[in-house]
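Engineer: Below are the structure tokens for one structure; questions will follow.
The values are calculated or read from the model by the stated rules, or taken from the named source; none is laboratory data. Remember, it's a predicted structure, so these values are computed and weren't measured experimentally. Note that each Cβ is placed from the backbone with ideal geometry, even for glycine, and that neighbours are counted across all protein chains shown. For accessibility, only protein heavy atoms count, side chains too; no ligands or nucleic acids. Shrake-Rupley method; radii C 1.70, N 1.55, O 1.52, S 1.80 Å.
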Amino acid sequence: MEFVIKISQFLLSLSLLIILHEFGHFLPAKAFKTRVEKFYLFFDVKFSLFKKKIGDTVYGIGWLPLGGYVKISGMIDESMDTEQMAQPPQPWEFRSKPAWQRLIIMLGGVTVNFLLAIFIYIGMSYYYGDIVLPIDNIKDGLLIESTVANKAGLLTGDKIIAVDGEPIKNFSEISEKVLFGKKVTIERDGKESTVTLPEDFLSQLLDSKEKRFINLREPFVVVEVPDTSFNKNSGLKKGDIILGLNDYKTKYADQVKLGLEKFKGQQVEAKVLRDNHDVVVPLSISDDAKLGLVYAPNSTPKTLEALGYYKYETKEYGFFESFPVGLKKAKDRLTSYWDQLGAIFTPSTGAYKGVGGFKAIYDIFPSFWSWQYFWNITAFLSIMLGVLNLLPIPALDGGHVMFLLYEMVSGRKPGDKFMEYAQMVGFIILIALVLFANGNDIFKAIFN
């Protein structure tokens, strides 16, 4: 069932983005009376799952879900229709239109991607608002369990107050900024200091295969005391929160782990919170510092706030208020993704190791259906698709835009043969990038 939910979200998001991106090309092409021969969701290699001709255009669904396309008459694209290009130009063809019209047609797809992201962020701001945790409301610092981060100088209990001189306002900003930052300003034991991260910090994190990086410190909540546990008769119950072992205070789960090491092999008196009352229960700690029970941190904002651990802020926006908020979210996400792309193309950072393909995108979606998660992920993917399509690689929109700008500046149009060769080179580059990204997915699935 989990697979069905995740794949449904993945395909729905992908289909929506492809259709709207291609519609961004289709609409100005039609406006400039340029013939569109095909409009396809997914690729129709050899055959189509569905197709229907309406007017001059065949609308269809292919079987290969690697993207989609519109085939515009008189344009050198992935179809490599050299036979059509060998014929004299026709008034309805792309190549017969003025350069400025061709530029608008080529920019139409990415324009729709960016507008879609903005629209989604505005809508989500208006409908859902925001729940944020201000950095000032994190009194006891953060949970930093990553050995790579610890080696670099970041420790549990540190308060991260700025990255590269830019102040941190909310907890949600921290992980991403640290991942792509260089200098982290922390507060430890009331004193400020700066931690300089190694250039290959991200590479080290990826190589370590550690799941946790920077998180909130959370209480140690008992989930289950199995019948086979040596503490089954201790009186410990599901939902109990361990607040102390003997005289050692354990407000957070990471402190409980330290306490277990401190008292391993001993009998202790544990102070637990149960139904808003303090209760003392006797516990045995094994020689390997275990309690023989199942526990989990409790990370829902509502519960953490009720327990007094953190104070969240709920922000609601009116209709007109949501516009600048949504625009800022889209801008921040675009800037963030651009920084990530820069890191990926800088080999010394090792960020390329984290590049993923369709499996990585699939994994972003949650195993439960949530429209809030769905639209948030779709907005991010829309920005990602827009940025990637603007890369100056022939076979992508950015490649066509690059040649069109050259034509508009120089007054000379690249020859059809040159464009055919450029398209072939670009297609090879694109295939190589797709293979690399999806190959990374396969490598991680096998060796991680």
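Engineer: Among the residues of the stretch 150-161, is any open to solvent by less than 20 Å² (accessible area, probe 1.4 Å), charged (D, E, K, R), in a loop (DSSP other than H, G, I, E, B) and over 26 Å from Asn376 (Cα atoms)?
Structural biologist: Checked the stretch 150-161: at least one residue is open to solvent by less than 20 Å² (accessible area, probe 1.4 Å), charged (D, E, K, R), in a loop (DSSP other than H, G, I, E, B) and over 26 Å from Asn376 (Cα atoms).
Engineer: Next question. Going through the stretch 280-319 one residue at a time, which ones are under 30 Å from Phe119 (Cβ atoms) and in a strand (DSSP E or B)?
Structural biologist: Those that are under 30 Å from Phe119 (Cβ atoms) and in a strand (DSSP E or B): Glu313, Thr314, Lys315.
Engineer: Sticking with this one: Need pairs with beta-carbon distance below 7 Å; first residue closer than 14 Å to Tyr128 by Cβ and within the stretch 313-325, second in a strand (DSSP E or B) and open to solvent by 80 Å² or more (accessible area, probe 1.4 Å); sequence gap 6+ or separate chains.
Structural biologist: Thr314/Ile131
Engineer: Given the criterion surrounded by 13 or more Cβ atoms within 10 Å (Cβ to Cβ) and hydrophobic (A, V, I, L, M, F, W, C), identify the matching residue among Ala253, Ala306.
Structural biologist: Only one candidate passes the filter, namely Ala253.
Residue-wise test of (1) modelled with pLDDT under 90; (2) out of contact with any Asp or Glu (no Cβ under 8 Å at 6 or more places or on another chain).
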| residue | (1), (2) |
| --- | --- |
| Asn170 | no, yes |
| Ile174 | no, yes |
| Lys183 | no, no |
| Lys191 | no, yes |
| Glu199 | yes, yes |
| Ser203 | yes, yes |
| Arg217 | no, no |
| Phe220 | no, yes |
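Engineer: Filter the stretch 350-367 for residues that are in contact with a Leu (Cβ under 7 Å, 6 or more places away or on another chain) and either surrounded by fewer than 17 Cβ atoms within 10 Å (Cβ to Cβ) or among the charged types (D, E, K, R) (or both) and give the result.
Structural biologist: Answer for the stretch 350-367, where residues must be in contact with a Leu (Cβ under 7 Å, 6 or more places away or on another chain) and either surrounded by fewer than 17 Cβ atoms within 10 Å (Cβ to Cβ) or among the charged types (D, E, K, R) (or both): just Lys353.
Engineer: Let me ask something else about it. Is it fair to say Lys444 is basic (Lys, Arg) and surrounded by 15 or more Cβ atoms within 10 Å (Cβ to Cβ)? First the steps, then the outcome.
Structural biologist: Numbers: basic (Lys, Arg): yes; surrounded by 15 or more Cβ atoms within 10 Å (Cβ to Cβ): yes.
Yes, satisfied.
Engineer: Given Tyr59, Tyr69, which one is open to solvent by 30 Å² or more (accessible area, probe 1.4 Å) and either assigned to a strand (DSSP E or B) or within 15 Å of Leu17 (Cβ to Cβ) (or both)?
Structural biologist: Answer to the check: Tyr59.
Engineer: Residue check: is Ser96 in contact with a Pro (Cβ under 8 Å, 6 or more places away or on another chain), open to solvent by less than 60 Å² (accessible area, probe 1.4 Å), among the polar types (S, T, N, Q) and more than 25 Å from Lys329 (Cβ to Cβ)?
Structural biologist: Values: in contact with a Pro (Cβ under 8 Å, 6 or more places away or on another chain): yes; open to solvent by less than 60 Å² (accessible area, probe 1.4 Å): yes; among the polar types (S, T, N, Q): yes; more than 25 Å from Lys329 (Cβ to Cβ): yes.
Criteria met by Ser96.
Engineer: Here's another thing I want to ask about it. Considering each residue of the stretch 103-113, count those that are out of contact with any Leu (no Cβ under 6 Å at 6 or more places or on another chain) and open to solvent by less than 50 Å² (accessible area, probe 1.4 Å), and give that number. Write out each step before concluding.
Structural biologist: Narrowing the stretch 103-113 to residues out of contact with any Leu (no Cβ under 6 Å at 6 or more places or on another chain): 104-109, 111.
Those left that are additionally open to solvent by less than 50 Å² (accessible area, probe 1.4 Å): 105-106, 108-109.
Adding up the residues that qualify gives 4.
Engineer: If you scan the stretch 210-248, which residues turn out to be at negative phi and of a type in the set (S, T, N, Q)?
Structural biologist: Residues satisfying the conditions are Asn215, Thr228, Ser229, Asn231, Asn233, Ser234.
Engineer: Let me ask another. Regarding the stretch 341-349, can at least one residue be identified that is touching a residue at least 24 places away in the same chain (Cβ under 8 Å), exposed (fewer than 13 other Cβ atoms within 10 Å of the Cβ) and more than 23 Å from Gln255 (Cα to Cα)?
Structural biologist: Looking for residues that are touching a residue at least 24 places away in the same chain (Cβ under 8 Å), exposed (fewer than 13 other Cβ atoms within 10 Å of the Cβ) and more than 23 Å from Gln255 (Cα to Cα), one finds at least one in the stretch 341-349, hence yes.
Engineer: Out of contact with any helix residue (DSSP H, G or I) (no Cβ under 7 Å at 6 or more places or on another chain) and surrounded by fewer than 17 Cβ atoms within 10 Å (Cβ to Cβ), is that true of Lys417?
Structural biologist: In short, yes.
Engineer: I've got another one for you. Could you run through the stretch 368-397 and say how many residues are buried (at least 19 other Cβ atoms within 10 Å of the Cβ), more than 15 Å from the chain's Cα centre (by Cα), in contact (Cβ under 8 Å) with a residue 40 or more places away in the chain and on the phi < 0 side of the Ramachandran plot?
Structural biologist: 3
Engineer: Kindly indicate which of Val434, Val409 is of a type in the set (A, V, I, L, M) and free of Cβ contacts under 8 Å to residues at least 60 places away in the same chain.
Structural biologist: None of the other options fit; the residue is Val409.
Engineer: So, one more: Do the conditions hold for Ala379, that is, is it farther than 22 Å from Tyr248 by Cα, modelled with pLDDT under 90 and of a type in the set (A, V, I, L, M)?
Structural biologist: no
Engineer: In addition: For the stretch 121-149, how many residues are assigned to a loop (DSSP other than H, G, I, E, B) and in contact (Cβ under 8 Å) with a residue 40 or more places away in the chain?
Structural biologist: Selection size over the stretch 121-149: 8.
Engineer: Further, regarding this structure: Counting only residues that are closer than 14 Å to Ile135 by Cβ and among the basic types (Lys, Arg), which one in the stretch 160-200 is nearest to the chain's Cα centre (by Cα)?
Structural biologist: Lys177
Engineer: Restricting the search to the stretch 212-237, which residues are open to solvent by 30 Å² or more (accessible area, probe 1.4 Å) and in contact with a strand residue (DSSP E or B) (Cβ under 6 Å, 6 or more places away or on another chain)?
Structural biologist: Asn215, Val223, Glu224, Phe230, Gly235
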